[in-house]
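Reading through the structure tokens given below for one structure.
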Amino acid sequence: MSTASTRLPEGRYGSSSDERADRKLKVAGAVLGALLLALVGYWAYHYVVQSKISAQVVTFAASADAVEVHLEVHKDSGASGYCTLRSQAADGSEVGRADFHFTGSATEIDRVVTLRTTARGTTAELLGCHAD
């Protein structure tokens, strides 16, 4: 005795609606993935390209009314801008904040700047650099 097959013969009745839905979902997922990748790439490119000035605090020395900050700045040739520094006291209150302006054709600037404070500062923090 033979058993009857419950499967339809292949290729005879076309593809099922489940297969079509799966194919549409795969295409939609691929398109959305490509758009997300393009968006992340666009954001990363503009983040890197628009950073004309970057800096870091190498070291600092605090006194009663000032903080001497050794600042290392990297910038595009001819770019001008400023870096904002701040100092905080031991209790966390801000005791000094200033912008230091950089111009010229040099691409790397090593400078010791003086940040005046209202009390003894225990930190020297670079808040950020911006192009003019």
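The values are calculated or read from the model by the stated rules, or taken from the named source; none is laboratory data. As the structure is a computational prediction, the values presented were derived from the model and not from experiment. Don't worry about glycine lacking a Cβ; one is built from the backbone with ideal geometry, like all the others, and counts go over all protein chains shown. Accessible surface is based on the protein model in full, side chains and every heavy atom, while ligands, DNA and RNA are left aside. Shrake-Rupley method; radii C 1.70, N 1.55, O 1.52, S 1.80 Å.
Quick notes on this structure:
- When D18, D22, D99, D91 are screened for being of a type outside the set (G, A, S), at pLDDT 90 or above and over 29 Å from the mean Cα position of the chain (by Cα), only D91 passes.
- Comparison of A98, A64 shows that the only residue that is exposed (fewer than 11 other Cβ atoms within 10 Å of the Cβ) and in contact with a Lys or Arg (Cβ under 8 Å, 6 or more places away or on another chain) is A64.
- Taken residue by residue, region 46-56 has at least one member that is aliphatic (A, V, I, L, M) and in contact (Cβ under 8 Å) with a residue 60 or more places away in the chain.
- The condition of being over 19 Å from E125 (Cβ atoms), open to solvent by less than 40 Å² (accessible area, probe 1.4 Å) and not polar (S, T, N, Q) does not hold for K52.
- Pairs meeting the criteria (first residue in region 70-99 and over 17 Å from H130 (Cβ atoms), second residue assigned to a strand (DSSP E or B) and aromatic (F, W, Y), beta carbons under 7 Å, at least 6 apart or on different chains) are H70/F60.
- Subset of region 107-130 that is at pLDDT below 90 and open to solvent by 50 Å² or more (accessible area, probe 1.4 Å) - its residue that is nearest to the chain's Cα centre (by Cα): H130
- All positions within region 102-132 that are farther than 19 Å from V58 by Cβ and either aliphatic (A, V, I, L, M) or outside any loop (DSSP other than H, G, I, E, B) (or both): R116, A119, H130, A131
- For beta carbons closer than 6 Å, sequence separation of 6+ or different chains, a first residue in region 108-132 that is within 15 Å of G81 (Cα to Cα) and a second that is modelled with pLDDT under 90 and part of a loop (DSSP other than H, G, I, E, B), the qualifying pairs are A131/K52; A131/A79; D132/S80.
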